[in-house]
Amino acid sequence: MSQVLDYVGRPGALAIVGAGYVGAVRYCGFPKNPKCTDRGEYEDFSHHALGMALVYEGGTTDWAGGEPAGHVAGARARADATTRIGFPEHRPIYMAIDTEIIGHARHDTVMAYLDGAAAELGGVALAGVYGQISVVQRALEEGHVAFGWQTVAWSHGLRYPGAHLYQHAGYVYPGGVEADANDVLAPDWGQHNAEDDVTLTTTQDGWLHDTRDRVMGMLVQRYTDEDNKQGPYRALDTGDGAFLLGAIAQLGAKVDALAGVLSDDEANIIAAVRAQQNGGQIDLNALAATMAPVLAPILGPLIKAGATADDVRAAVDASLKAILAKAAS
């Protein structure tokens, strides 16, 4: 299951990718508050094909003002997201209910707050809520919001199956920065790039599979030769290519899993094919050298950390998704 983060610090997109996460939910609405994201972090996420969703939280009692407070909060969140961060206007923003809500009256006030926020965010379809199970379930089932992010806190061990995200207890430390980990429970969890969709032409698809097979054949051959102590296979002779081959060798039994990763590596393969075609032939040295700089910063930390095949697959897929969108256009 994929996971995303939420945090106050700034681990950076590369650290997030290297740790195997596919994105994060970031704060918005208060430009002077360092916990809130900005255009730089947003663009860093986009560059590394990470998803970013936004959440608004001024304090734990934002909701107490009911619908009028919701209008103020929703307007502030949308304005900051659009003008300062560059977040798409057609994507939702979560409103945080970051305290335990007890009793019908308080739940009613929360729902009124969400109604006010939704009106300013662009409608129910563009509104989400963060909170305990009873808040998320009621808000979704009654149509106050379209996205639900449930926290383990105040949920009494229960999970609502209609939630889009689920926040775990405890912390993780990507890049040494304290963060919460959240399960991704739906393909669209509010991230800015959820609608990215790439369709390959028949020709591009042919390039992809033919080139992938040849590249992976070379890599497996190199691994086999080293494993049999028959000396290095010198088909890849650049510094970047050498790093890639070293990574493959260290991954050892994970070569097959890495082949599965590269089957989704359409971006780099297509881009490299376009750049390296020569009389209908592919320069595999150049192709591997093109791929290696992208793979190197991802595979290095994963190898040292003893990552699983799934960790490798998730990290490489996330990093290369953005390149695919450009290559196939």
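Residues in the stretch 138-146: is at least one touching a helix residue (DSSP H, G or I) at 6+ places or on another chain (Cβ under 7 Å) and either closer than 21 Å to residue 51 by Cα or not assigned by TED's automatic domain parsing to the domain that holds residue 85 (or both)? Yes, the stretch 138-146 has at least one match. When each of 89, 67, 43 is tested for being within 23 Å of the chain's Cα centre (by Cα) and in a helix (DSSP H, G or I), the lone residue that passes is 43. Restricting attention to the stretch 112-131, the residues that are touching a Gly at 6+ places or on another chain (Cβ under 9 Å) and assigned to a helix (DSSP H, G or I) add up to 11. Regarding the stretch 156-178, can at least one residue be identified that is closer than 27 Å to residue 45 by Cα, at pLDDT 50 or above, hydroxyl-bearing (Ser, Thr, Tyr) and exposed (fewer than 14 other Cβ atoms within 10 Å of the Cβ)? Yes, the stretch 156-178 contains at least one residue that is closer than 27 Å to residue 45 by Cα, at pLDDT 50 or above, hydroxyl-bearing (Ser, Thr, Tyr) and exposed (fewer than 14 other Cβ atoms within 10 Å of the Cβ). Restricting attention to the stretch 53-79, the residues being surrounded by 22 or more Cβ atoms within 10 Å (Cβ to Cβ) and more than 15 Å from residue 127 (Cα to Cα) number 1.
The values are calculated or read from the model by the stated rules, or taken from the named source; none is laboratory data. Only a predicted model underlies this, so the values are computations on that prediction, with no experimental measurement involved. Glycine gets a Cβ as well: all are built from the backbone with ideal geometry, and neighbour counts include every protein chain shown.
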